[in-house]
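Participant: Encoded as structure tokens, here's the structure I'll be asking about.
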Amino acid sequence: MRGFQARGAAAVAELDDEERMVVARIVADVGLLLGGEQFGMADPGAQHARDADDEMDGIFAHLKGLEESLAEPDDPAVLRLLPSASRDDRDVADEFRRLTEGDLRDLKVARLRTMWEQLSEDGPEWEIDAAEAMPTAAALTDVRLVLASRLSLDTDEDADRLHGEIELATHALDTDADDDLGIDPERVWLGMLYQALTWLQESLVQYAMTAEDADE
């Protein structure tokens, strides 16, 4: 994986086939979480994508818990994506949600769908026009919020603890000591995905800020 770098009027990152499929899959899952339709089902290449997914069963096994929880009515991940306007006044919060939530959901799903379509293209390069850099960064935030909810990352200390767990797991796997340490492979795998998306988002935001400075 290579972070976003400037190329003409676009930002370009590189992901191998496995990385693209994993990121596209989690993007589609977050779209479902927000009430969108399953991405790609009406697409002529959808069967090919499903066949490819079958070949990736081992990799996607760690996402099954995430997918199974998408239908929870009071999902905390949804509350992170669509927070209440007021914590103290329930009537105000409910009215604001009634007036704005539909449009906000549609906007978020549209951004996620665009990102999914880009990731579903052939080739290692993920190219984003300069004008779409910040909307894409916002979509990556939504994906990271869902992962953060699943990983129970509420504070900086939680994030530091996860980082330590990943380092410990990496060392344990390198030394074949993972069984002795009681490592949760699903948590570590999702944590590594969370870190990778954070890094990608940071490189995209940095590109956008540099491009904005150049325009000025």
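Participant: Pick from the range 2-22 the residues that are in a loop (DSSP other than H, G, I, E, B) and in contact with a strand residue (DSSP E or B) (Cβ under 7 Å, 6 or more places away or on another chain): which of them is modelled with the lowest pLDDT? Before the answer, list the steps.
Facilitator: First pass over the range 2-22, keeping only residues in a loop (DSSP other than H, G, I, E, B): 8-9, 15-16.
Remaining after also requiring in contact with a strand residue (DSSP E or B) (Cβ under 7 Å, 6 or more places away or on another chain): 9, 15.
On the way: 9: 89, 15: 96.
The residue in question is 9.
Participant: Got at least one residue in the range 76-97 being crowded, with 18+ Cβ neighbours inside 10 Å, assigned to a helix (DSSP H, G or I), among the charged types (D, E, K, R) and at pLDDT below 95?
Facilitator: Narrowing the range 76-97 to residues crowded, with 18+ Cβ neighbours inside 10 Å: 77-78, 81.
Now restrict to residues that are assigned to a helix (DSSP H, G or I): 77-78, 81.
Cutting the leftovers down to among the charged types (D, E, K, R) gives us none.
There is no residue in the range 76-97 that is crowded, with 18+ Cβ neighbours inside 10 Å, assigned to a helix (DSSP H, G or I), among the charged types (D, E, K, R) and at pLDDT below 95.
Participant: From the set of residues in the range 185-203 that are of a type outside the set (S, T, N, Q), within 15 Å of the chain's Cα centre (by Cα) and surrounded by 20 or more Cβ atoms within 10 Å (Cβ to Cβ), which is farthest from residue 167 (Cα to Cα)?
Facilitator: 200
The values are calculated or read from the model by the stated rules, or taken from the named source; none is laboratory data. As the structure is a prediction and not an experimental result, all values here were calculated from the model. Cβ coordinates were reconstructed from backbone atoms using ideal geometry, including for glycine residues, and neighbour counts include every protein chain displayed.
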